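Peer 1: Mind having a look at this structure? Questions to follow.
The values are calculated or read from the model by the stated rules, or taken from the named source; none is laboratory data. The structure displayed is predicted, hence computed values, not measured ones. Note that we place each Cβ from the backbone using ideal geometry, even for glycine, and neighbour counts take in every protein chain shown. Just the protein is used for accessible areas: all its heavy atoms, side chains included, with ligands, DNA and RNA removed. Shrake-Rupley method; radii C 1.70, N 1.55, O 1.52, S 1.80 Å.
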Amino acid sequence: MARLTDRSIEALRPKAARYEVWDEARRGFGVRVTPRGVKSFVWVYHFDGRPRRLTFGTYPRLSLAGAGVKLAEAKDLLGRGIDPGTRAVAERDAERHAETVEELVSSYLDRYARVRKRSAAEDERILRKDVLSRWGGRKAKDITRRDIVRLLNEIVDRGAPIQANRTLTILRRMFNFAVGQAIMEASPCDKVEAPSEENHRERVLSEDEIRLLWRTLETAPMEPNTRRILRLMLVTAQRKGEVMGIPEPEIDYQKRLWSLPAERAKNGREHLIPLSDLAIRILTEAAPNEAGYLFPSGMTGKPYRGQSIDHATRYLFDPRPISKARKRPQQRVSVQPLSGLMERFTPHDLRRTVATRMRELGVSRGDVKMVLNHVETDVTSRYDRYDGLPEKRRALDLWARRLEQIVSGEEPAENIVDLARA
């Protein structure tokens, strides 16, 4: 027996057989040296009257001071009637079977995103691109707050600050899911702030811009169904994803009504959208395909992806080849239809434009909310299930009449505003 120090441990040399050197100051605590020269900290103790042996780790990966900490923790467990060896085995087993980030991503997508989110495909794309490529084989519980920050900084540095914000949102949701599933004790995203500021868009198209856009869509270099989607968004004020995926059974032409089911609505609540004559004309221009979609992509036969409509809108301004993302022979357009004629806009700006123009016509804020299918969060809204169909029909008919006047260049009839405010 001797007093163990770093110097004395370093001086230990392997022998033909394994041997142990014990610390004279700490009973049962020592170093085991194998014939190959591996040095491990061990502790011999008694539990329930029987001898036990516990290995803390190998030197120098585990320092003498670190082994002293583990020894103190083990003695504390023993003093509370817990076998520290059994605890250590359980911890090693848990470490061995701990979920990797790849397994967590798979579980999150299957049990949460695909069940609850319409944007599950986008979650998967982002996770595969920026998360699995870096951390796929690591244990999920070993991901630290610093790892999260480094990843977000890398995304910002490559020129995608808003994408970094989206990635943080998805990571925060995924790690919260992991905490809820007892995969982790805490989320590494806690107290991590969004890396970039986002300006809330306030783009509202003027009447001249609405007229220019509507007329430009007639000859714009895009698929006919893309044109119809943009126009129907401008007529109904509904969300891009909800318009893109309309199957024919949702439309009742006799009742002039679009019934959006809860599973397709972004907020998970069924929405009845009255259809104006203008909306009906756009819908009847389209011929549903075999799958029943009114606005299928000409390439896939399935509903467009949101990015496709975004790209088509950008191509109205962008002088790049219009088929770059479609992998077709390039068709150059030297000047795009709206280039230099109006400020750029996004498809979502059309929804904001309709809401603003309806308010200008005198439609109440509450009626506009019902048209937009915005969910209110107060207690009363949990009991009030009135669909507001008459008010929504009046508002959308009113807007359609004004939109036709804008497109034709007519001056607004005063009785439209009077009718709205009556």
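Peer 1: From the list R215, R227, which one is at pLDDT 90 or above, under 15 Å from A279 (Cα atoms), open to solvent by 40 Å² or more (accessible area, probe 1.4 Å) and part of a helix (DSSP H, G or I)?
Peer 2: The match here is R227.
Peer 1: So, in the stretch 1-38, exactly how many residues are assigned to a strand (DSSP E or B) and closer than 17 Å to R53 by Cβ?
Peer 2: 10
Peer 1: Further question on the same structure: Checking T377 against (1) modelled with pLDDT of 90 or more; (2) open to solvent by 50 Å² or more (accessible area, probe 1.4 Å); (3) of a type in the set (S, T, Y); (4) under 30 Å from the mean Cα position of the chain (by Cα): exactly one of these is not met. Which one?
Peer 2: So T377 meets the others, but not (1).
Peer 1: Is it true that some residue in the stretch 291-303 is in contact with a helix residue (DSSP H, G or I) (Cβ under 7 Å, 6 or more places away or on another chain), surrounded by 13 or more Cβ atoms within 10 Å (Cβ to Cβ), within 18 Å of M222 (Cβ to Cβ) and at pLDDT below 85?
Peer 2: no
Peer 1: Further question: I need the full set of residues from the stretch 230-253 which are assigned to a helix (DSSP H, G or I), of a type outside the set (A, V, I, L, M, F, W, C) and either open to solvent by 10 Å² or more (accessible area, probe 1.4 Å) or farther than 16 Å from L372 by Cα (or both), in order please.
Peer 2: Just the residues of the stretch 230-253 that are assigned to a helix (DSSP H, G or I), to begin with: 230-236, 240-244, 248-250.
With of a type outside the set (A, V, I, L, M, F, W, C) added as a condition, the list becomes 231, 236, 240-242, 248-250.
Of everything in the stretch 230-253, those that are assigned to a helix (DSSP H, G or I), of a type outside the set (A, V, I, L, M, F, W, C) and either open to solvent by 10 Å² or more (accessible area, probe 1.4 Å) or farther than 16 Å from L372 by Cα (or both) turn out to be R231, K240, G241, E248, P249, E250.
Peer 1: If we scan the stretch 39-59, do we find a residue that is on the phi < 0 side of the Ramachandran plot, surrounded by 12 or more Cβ atoms within 10 Å (Cβ to Cβ) and not in a strand (DSSP E or B)?
Peer 2: no
Peer 1: May I ask you to list the residues in the stretch 62-77 that are surrounded by fewer than 16 Cβ atoms within 10 Å (Cβ to Cβ) and within 14 Å of E10 (Cβ to Cβ)?
Peer 2: S63 - this is the single residue of the stretch 62-77 that is surrounded by fewer than 16 Cβ atoms within 10 Å (Cβ to Cβ) and within 14 Å of E10 (Cβ to Cβ).
Peer 1: Within the stretch 21-38, can you find the residues that are open to solvent by 60 Å² or more (accessible area, probe 1.4 Å), over 13 Å from P60 (Cβ atoms) and in contact (Cβ under 8 Å) with a residue 12 or more places away in the chain?
Peer 2: To start, the set of residues in the stretch 21-38 that are open to solvent by 60 Å² or more (accessible area, probe 1.4 Å) comprises 22, 24-27, 35-36, 38.
Narrowing the set further to residues that are over 13 Å from P60 (Cβ atoms) leaves 22, 24-27, 35-36.
If the condition is that a residue be open to solvent by 60 Å² or more (accessible area, probe 1.4 Å), over 13 Å from P60 (Cβ atoms) and in contact (Cβ under 8 Å) with a residue 12 or more places away in the chain, then W22, E24, A25, R26, P35, R36 are the ones that fit.
Peer 1: Further question: Would you be able to say whether some residue in the stretch 122-142 is buried (at least 16 other Cβ atoms within 10 Å of the Cβ), closer than 25 Å to N267 by Cβ and touching an Asp or Glu at 6+ places or on another chain (Cβ under 9 Å)?
Peer 2: No, there is no match, as no residue in the stretch 122-142 is buried (at least 16 other Cβ atoms within 10 Å of the Cβ), closer than 25 Å to N267 by Cβ and touching an Asp or Glu at 6+ places or on another chain (Cβ under 9 Å).
Peer 1: Please specify each residue of the stretch 170-212 satisfying the condition of being assigned to a loop (DSSP other than H, G, I, E, B), in contact with a Lys or Arg (Cβ under 8 Å, 6 or more places away or on another chain) and open to solvent by less than 80 Å² (accessible area, probe 1.4 Å).
Peer 2: Those that are assigned to a loop (DSSP other than H, G, I, E, B), in contact with a Lys or Arg (Cβ under 8 Å, 6 or more places away or on another chain) and open to solvent by less than 80 Å² (accessible area, probe 1.4 Å): I183, M184, S187, P188, C189, D190, V192, R203, V204.
Peer 1: Say we look at the stretch 307-320 and pick out the residues that are surrounded by fewer than 18 Cβ atoms within 10 Å (Cβ to Cβ) and in contact (Cβ under 8 Å) with a residue 24 or more places away in the chain; which of these is farthest from the chain's Cα centre (by Cα)? Full working, then the answer.
Peer 2: Taking the stretch 307-320 and keeping what is surrounded by fewer than 18 Cβ atoms within 10 Å (Cβ to Cβ), we get 307, 310, 314, 317-320.
Adding the requirement that they be in contact (Cβ under 8 Å) with a residue 24 or more places away in the chain leaves 310, 314, 317.
Numbers: D310: 18, R314: 23, F317: 28 Å.
Among those residues, the one meeting the criterion is F317.
Peer 1: Identify, from the list L398, L419, the residue that is surrounded by 10 or more Cβ atoms within 10 Å (Cβ to Cβ) and either at pLDDT below 85 or in a loop (DSSP other than H, G, I, E, B) (or both). Before you say what the answer is, go through the steps one by one.
Peer 2: Values: L398 fails: either at pLDDT below 85 or in a loop (DSSP other than H, G, I, E, B) (or both).
Answer to the selection: L419.
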